[in-house]
There are 2 protein chains.
Amino acid sequence: MKKEISAGKLRGLARLADADGKFRMMAIDQRGSLRRMLGRTLDREVTPKDLAGLKKLIIKELSPYSSATLTDPVYGYPAAIKDFPPEVGLLLAVEETGYELAGPKALERKSHLIEGWGVGKVKRAGADAVKLLLYYRGDASPEVVEHQQGIARRVGEECVDYDIPYVLELVSYPLGEDERAFAEIKPKLVTNYVQEFQKEEYHVDILKVEFPASLRFTEGYEGAFGPVGEPLWDLSQVEGFCREVAEVARVPWVILSAGVGIEEFLEEVRIASENGASGFLCGRALWKYCVDYWPDRDAVEQWLRTSGAVNFQRLYQASSAARPYFETKAFGSYAEVRLLDFGEDWYRVYKAVNREP
Amino acid sequence: MKKEISAGKLRGLARLADADGKFRMMAIDQRGSLRRMLGRTLDREVTPKDLAGLKKLIIKELSPYSSATLTDPVYGYPAAIKDFPPEVGLLLAVEETGYELAGPKALERKSHLIEGWGVGKVKRAGADAVKLLLYYRGDASPEVVEHQQGIARRVGEECVDYDIPYVLELVSYPLGEDERAFAEIKPKLVTNYVQEFQKEEYHVDILKVEFPASLRFTEGYEGAFGPVGEPLWDLSQVEGFCREVAEVARVPWVILSAGVGIEEFLEEVRIASENGASGFLCGRALWKYCVDYWPDRDAVEQWLRTSGAVNFQRLYQASSAARPYFETKAFGSYAEVRLLDFGEDWYRVYKAVNREP
C-alpha cells in the first residue's frame, strides 16, 4: 500500500530531512527538564530569561549542523527566531511541559496541549512540522489511554487540516516497576506504541520513539554507561527489537535521546540506524554539558563550538546507515512518492484550510 | 520608523534570501507567455503536458542555484514538487495569467486571481511567499486603478492573515504610446507605482519591479540589445532613476527580466544592485533559449546545465552589490529587526489564522 502525500506534508518532510532523506534533527524544546538542570547549577531562581538566553545560544551554535531543529514556542522560538538558519527545517512543539498524574494509583500520565497555542499557529509562524510529546503506556487505565489517544488523534487531524507534517514523540514510563523490571518490558512497550500510533487514523508522519532496549542491560556494555546491571539481552536481541519496530512502523521513525549521555546515544543511533530507523531527534545528549557553564555565555559558546559540534559530527557518522524517509513502507522509494490529487486540476482540488471553527 | 515583523513573514523572508540577505530568485511561473513561446517552435498544439514537463526540467536544473524559485500552481508546482531542493525558498503565484482589457479605449489592463486558488492554499501547500502580478498604470481610468489597488490590498490582507511574505510584481504597459514615448515615461511610471504600493496599507514585503529605464535608449548601449534608438538618457541618469526607486521604497525591491536577453538583464541587475535594489527575480532571461529544444529533453537539459547554469553564476556576480533586505528602510539592519509581539506571552498573543470566512 503506497501512500499519496499532500503538498504541504511532502514539502515539510523534505525540509526536515537531509538531502539523502535521513533525519539529523536537534531538540531544544525542553522546558521543565531544562529548568531543573539550570536549578541544579545556578544558586538563584531560574528565570524565563535564563531559559530563552541559553536556548538562543544552543540554537545559534548547533542548529546549523542539523537537518531540522525542534524548539518550543514559549522560550525558544521567539528568542531565537533570527538565529535559525533558513535552510534548516523547523519544528515547533504543541504540548504543555510535564504531565498530569492520573489513574487509580496516580502513577499514570496525562498530557495537555499548551493553552493559547496550537497547530494553526505552528503553521502560521513559519514552521515545517508540528511535534507532540505523549507519555504513553498502552496498559494504563482505559480513561488515560483514551485521553492520550484522543490528543494524538486531534493533533493529527489538525495537521491534516493545515497540511503540515506531524511528528509524534512517545515516551513510556514505569507504573511501579523498578529499573530492571521496566527495562525488561521496554521493548514490548515501544513496539506496542509504535503499532498503535502508526495507524492511519492518527495521521502521523514521523514517530519519535525511545531506543527500545537499554544498553545498560545489554551484554558487552555492562557498566559502560552507568551502574552494572546483570544483562537482560545480547546485542543481536537488541538489534531484533529495532527491527521489530521497523517491521510494525508504516511511517519513518527516529530515536530520541531521553537524557542519556552522548556515548550511549551514539551507540543507540548506530544500532537503530542499522536496523530500520530514519535517523535521530537528539536533545540533551547533544548539548547538556554546556548547561553547567550558564550564565557565562562565552564558556557556553566555547563548549558548543567544540564539544557540541563534535557531538553532531559523530551523530552524522553514527546515523549513516539510516533509512531515508521515502524508503519506508509509507512510500517505498522516492520514485514512488506521489502527490495527492495530482492532475490538471490540482490547484482547484487542493483543499483550503478548513475555516469552520 | 523601524518595522516589527511577524514570525511567519520574518522566517519567510529569510527563506527567500541568500545567507547574505540578497535575493537571487528565479521565476518559472509563466503560463500564457510560455505557451506562446512553445507555440512558435512546436508544429503542433501546445498541451498542458508540454508546459508541465518543460517547467519540471527547468526547476530541476536551475532551481538549486536560486535563493528561491517562483512557480505557478497550475503546471509548475504539482509537476515539479519533488524536484524543488528543500533548502531553496518557494514562491507561488496567485494571479490568473494575462489580463482583461478595460477602460474607455480597451487599452487598460485588469488583473484577476486564479479561481479556486488563493493565499490560504499557497501557505497550506508549503510555500514561503505569495506572488501577485499586477499590470499597472497609475494614470489609467479610476475604475481600473481602483480595481488593481483593490486586488493588491486584498491579497496583502490575506498574507497578513496567513502570516506569509507578499511579493507584489508590477508591470506597466503603453496606453497608446509608441516604444520611444513609452520608454520616456517609464522611469516616472515605475517610481509612481513603487511609491503607491510600498504604503503600509498593502502589506507588501518585496516589490518586484521593472528596470526603470530602457538601456536601449541609454548612451553607450546604442544597438547593444536591439535596434538603435536615439538615446534618451545617459548612464548617470539611469542610475539616478534606480536611486529614486530606492528612495521612495520603504521595502526591499528586486528587478524582473520582462523577457529581455541575458546580456541586457545582467547590465540591469548590476546597475540596479549598485543603486539600491535587493537582487532579482529573473524569469525568461535565465532560461528562454532552452524552450527552442523542447520536446527534446536531453537537449533542454544540456542547455540548462551549461548555458543556464552560467547565466545564473553571472547573475550572482552582477548582483554582488545588492542591498540585503534587512538593510532597507523597513528594517535598518539585521540587529534592528524585531519580532512583532515579542515577549514572554508571544505564543499566546501571536494570532491564529482568522477563521471567520
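Take the residues in region A:317-334 that are assigned to a helix (DSSP H, G or I) and surrounded by 16 or more Cβ atoms within 10 Å (Cβ to Cβ), then tell me which one is farthest from the other protein chains (Cβ to nearest Cβ). Lay out the reasoning, then the answer.
So in region A:317-334, the residues assigned to a helix (DSSP H, G or I) come out as A:317-318, A:325-327, A:334.
Then drop every residue that is not surrounded by 16 or more Cβ atoms within 10 Å (Cβ to Cβ), which leaves A:318, A:325-327.
Details: A:Ala318: 23, A:Tyr325: 12, A:Phe326: 9, A:Glu327: 14 Å.
Per the criteria, the residue is A:Ala318.
If only one of B:Tyr136, B:Tyr77 is in contact with a helix residue (DSSP H, G or I) (Cβ under 8 Å, 6 or more places away or on another chain) and over 27 Å from A:Glu336 (Cβ atoms), which one is it? Quick ask: steps written out before the conclusion?
Working: B:Tyr77 fails: over 27 Å from A:Glu336 (Cβ atoms).
Among B:Tyr136, B:Tyr77, only B:Tyr136 is in contact with a helix residue (DSSP H, G or I) (Cβ under 8 Å, 6 or more places away or on another chain) and over 27 Å from A:Glu336 (Cβ atoms).
What's the total number of residues in region B:19-48 that are modelled with pLDDT of 95 or more and facing another protein chain (nearest Cβ under 9 Å)? Of the residues in that region, 1 qualify.
Somewhere in region B:31-54, is a residue in a helix (DSSP H, G or I) and within 17 Å of B:Glu169 (Cα to Cα)?
Of all residues in region B:31-54, those in a helix (DSSP H, G or I) come to B:32-41, B:48-54.
In the following step, the residues that additionally are within 17 Å of B:Glu169 (Cα to Cα) were identified as B:32-33.
So far as region B:31-54 goes, yes, one or more of its residues are in a helix (DSSP H, G or I) and within 17 Å of B:Glu169 (Cα to Cα).
Do we find that B:Arg270 is touching a Lys or Arg at 6+ places or on another chain (Cβ under 7 Å) and touching a residue at least 12 places away in the same chain (Cβ under 8 Å) in this structure? It is false that B:Arg270 is touching a Lys or Arg at 6+ places or on another chain (Cβ under 7 Å) and touching a residue at least 12 places away in the same chain (Cβ under 8 Å). The combined condition, being crowded, with 24+ Cβ neighbours inside 10 Å, farther than 22 Å from A:Ile255 by Cα and in contact with a strand residue (DSSP E or B) (Cβ under 6 Å, 6 or more places away or on another chain), is fulfilled by A:Val122. Does region A:125-141 contain at least one residue that is surrounded by fewer than 21 Cβ atoms within 10 Å (Cβ to Cβ) and more than 24 Å from A:Ile255 (Cα to Cα)? Looking through region A:125-141, at least one residue is surrounded by fewer than 21 Cβ atoms within 10 Å (Cβ to Cβ) and more than 24 Å from A:Ile255 (Cα to Cα). Take the residues of region B:260-272 that are surrounded by fewer than 24 Cβ atoms within 10 Å (Cβ to Cβ) and within 22 Å of B:Lys188 (Cβ to Cβ): which is modelled with the lowest pLDDT? The residue in question is B:Val260.
Of the candidates A:Tyr221, A:Tyr202, A:Tyr193, the single residue that is surrounded by 19 or more Cβ atoms within 10 Å (Cβ to Cβ), touching a residue at least 24 places away in the same chain (Cβ under 8 Å) and within 19 Å of A:Leu315 (Cβ to Cβ) is A:Tyr221.
The one condition from (1) in a helix (DSSP H, G or I); (2) in contact (Cβ under 8 Å) with a residue 40 or more places away in the chain; (3) more than 14 Å from chain A (Cβ to nearest Cβ) that B:Leu10 does not meet is (3).
State all residues of region A:335-347 that are assigned to a helix (DSSP H, G or I) and open to solvent by 30 Å² or more (accessible area, probe 1.4 Å); if no residue qualifies, say none.
So in region A:335-347, the residues assigned to a helix (DSSP H, G or I) come out as A:335-336, A:346-347.
Residues satisfying the conditions are A:Ala335, A:Glu336.
Taking first residues from region A:157-168 that are over 16 Å from A:Leu207 (Cα atoms) and within 11 Å of chain B (Cβ to nearest Cβ) and partners that are modelled with pLDDT under 95 and open to solvent by 30 Å² or more (accessible area, probe 1.4 Å), the Cβ contacts under 7 Å between residues at least 6 apart in sequence or on separate chains come to A:Asp161/A:Asn354.
Identify, please: which residue in region B:96-118 is within 17 Å of A:Val349 (Cα to Cα) and in contact with a helix residue (DSSP H, G or I) (Cβ under 9 Å, 6 or more places away or on another chain) and is, among those, surrounded by the most Cβ atoms within 10 Å (Cβ to Cβ)?
Step one: of region B:96-118, the residues within 17 Å of A:Val349 (Cα to Cα) are B:96, B:113-118.
Retained after the next criterion (residues that are in contact with a helix residue (DSSP H, G or I) (Cβ under 9 Å, 6 or more places away or on another chain)): B:113-118.
Numbers: B:Leu113: 16, B:Ile114: 19, B:Glu115: 9, B:Gly116: 13, B:Trp117: 23, B:Gly118: 20.
This residue is B:Trp117.
Determine whether B:Gly283 is more than 14 Å from chain A (Cβ to nearest Cβ) and touching a Ser or Thr at 6+ places or on another chain (Cβ under 8 Å). In short, yes.
Report whether or not B:Ala152 is in contact (Cβ under 8 Å) with a residue 40 or more places away in the chain and either assigned to a helix (DSSP H, G or I) or within 11 Å of chain A (Cβ to nearest Cβ) (or both). The answer is yes for B:Ala152.
A:Arg305: open to solvent by 80 Å² or more (accessible area, probe 1.4 Å), within 14 Å of chain B (Cβ to nearest Cβ) and either free of Cβ contacts under 8 Å to residues at least 12 places away in the same chain or not aromatic (Phe, Trp, Tyr) (or both), yes or no? Steps first, please.
Values: open to solvent by 80 Å² or more (accessible area, probe 1.4 Å): yes; within 14 Å of chain B (Cβ to nearest Cβ): no; either free of Cβ contacts under 8 Å to residues at least 12 places away in the same chain or not aromatic (Phe, Trp, Tyr) (or both): yes.
For A:Arg305, the condition - open to solvent by 80 Å² or more (accessible area, probe 1.4 Å), within 14 Å of chain B (Cβ to nearest Cβ) and either free of Cβ contacts under 8 Å to residues at least 12 places away in the same chain or not aromatic (Phe, Trp, Tyr) (or both) - is not met.
Scan region B:68-80 and report the pairs whose first residue is closer than 19 Å to A:Ala335 by Cβ and whose second residue is assigned to a loop (DSSP other than H, G, I, E, B), with Cβ atoms within less than 6 Å and a gap of 6+ or a chain change. Filtered contacts from region B:68-80: B:Pro78/A:Phe342. B:Lys199 fulfils the conditions (1) in contact with a helix residue (DSSP H, G or I) (Cβ under 9 Å, 6 or more places away or on another chain); (2) farther than 17 Å from B:Arg137 by Cβ except for a single criterion, (1).
Just one of (1) within 14 Å of chain B (Cβ to nearest Cβ); (2) over 17 Å from A:Leu16 (Cβ atoms) fails for A:Val171. It is (1).
Cβ-Cβ contacts under 8 Å between residues 6 or more apart (or on different chains), taken from a first residue in region A:335-351 that is at the interface with chain B (Cβ under 7 Å from one of its Cβ atoms) to a second residue that is open to solvent by 70 Å² or more (accessible area, probe 1.4 Å), are listed as A:Leu339/A:Glu4; A:Phe342/A:Glu4; A:Arg348/B:Glu115.
Among the criteria (1) in contact (Cβ under 8 Å) with a residue 40 or more places away in the chain; (2) open to solvent by less than 60 Å² (accessible area, probe 1.4 Å); (3) touching a helix residue (DSSP H, G or I) at 6+ places or on another chain (Cβ under 7 Å), the one B:Arg314 does not fulfil is (2). The single condition among (1) under 24 Å from A:Pro73 (Cα atoms); (2) under 20 Å from the mean Cα position of the chain (by Cα) that A:Thr47 does not meet is (2).
The values are calculated or read from the model by the stated rules, or taken from the named source; none is laboratory data. From a predicted model like this one, the values you see are computed outputs, not experimental measurements. All Cβ positions, glycine included, derive from the backbone under ideal geometry; neighbour counts span all protein chains shown. Calculation scope for accessible area: heavy atoms of the full protein, side chains included, ligands and nucleic acids excluded. Shrake-Rupley method; radii C 1.70, N 1.55, O 1.52, S 1.80 Å.
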